[in-house]
Amino acid sequence: MAETMPFELVSPERRLAAGEAEMVTIPGAMGDLGAMPGHSPMLTTLRPGLLVVKGGAAAGEYFVTGGFAEVTPESGAAILAEEAVERKALTRDWFDARIATARAALEAAPAEGRQAAAMRLNDFETAASQLL
């Protein structure tokens, strides 16, 4: 039997998943990263992307729009998402609404925030093209 770690995914609305996982692929701000049992302590912000939980009772795929992830050897992976949706529930309308919001945020962003806003818009557009 493979080694597992605790995993929990919560958003402001609800707890989406909790249980044991063999590995969690996290869409970190600086790129995807894999967390496994015994992982070094880490805290990262999330970018819009697919969170993949492999093995164990919590296995599944979820799209997160942002938030934070904390990984420790003792408590496993805790994901605090601004918004999270099961992959199977994603629709073109759902993505179109988030893309429109991200585009409006880019247009309203001050000069020092334009790069981050452009990256967020790109993350949503890329995910929509890959996942739908």
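The values are calculated or read from the model by the stated rules, or taken from the named source; none is laboratory data. What you see is a predicted model, and the numbers here were worked out from it, not measured in a lab. Using ideal geometry, Cβ is built from the backbone for each residue, glycine included, and neighbour counts are taken over all protein chains shown.
If the condition is being hydrophobic (A, V, I, L, M, F, W, C) and surrounded by fewer than 12 Cβ atoms within 10 Å (Cβ to Cβ), then the range 76-92 contributes only Ala89. Of all residues in the range 15-51, how many are more than 11 Å from the chain's Cα centre (by Cα) and touching a residue at least 60 places away in the same chain (Cβ under 8 Å)? Total satisfying the criteria: 1. Run Phe95 past the list (1) under 23 Å from Arg15 (Cβ atoms); (2) buried (at least 18 other Cβ atoms within 10 Å of the Cβ); (3) in contact with a Phe, Trp or Tyr (Cβ under 7 Å, 6 or more places away or on another chain); (4) not polar (S, T, N, Q) and report the number of the one that doesn't hold. Checking Phe95 against (1) under 23 Å from Arg15 (Cβ atoms); (2) buried (at least 18 other Cβ atoms within 10 Å of the Cβ); (3) in contact with a Phe, Trp or Tyr (Cβ under 7 Å, 6 or more places away or on another chain); (4) not polar (S, T, N, Q), the one that fails is (1). The combined condition, being farther than 24 Å from Asp96 by Cα, surrounded by 15 or more Cβ atoms within 10 Å (Cβ to Cβ) and modelled with pLDDT of 95 or more, is not fulfilled by Val64. Counting only residues that are over 29 Å from Ala18 (Cβ atoms), without any contact (Cβ under 8 Å) to a residue 12 or more places away in the chain and either of a type outside the set (Asp, Glu) or assigned to a strand (DSSP E or B) (or both), the range 70-118 holds 10 of them.
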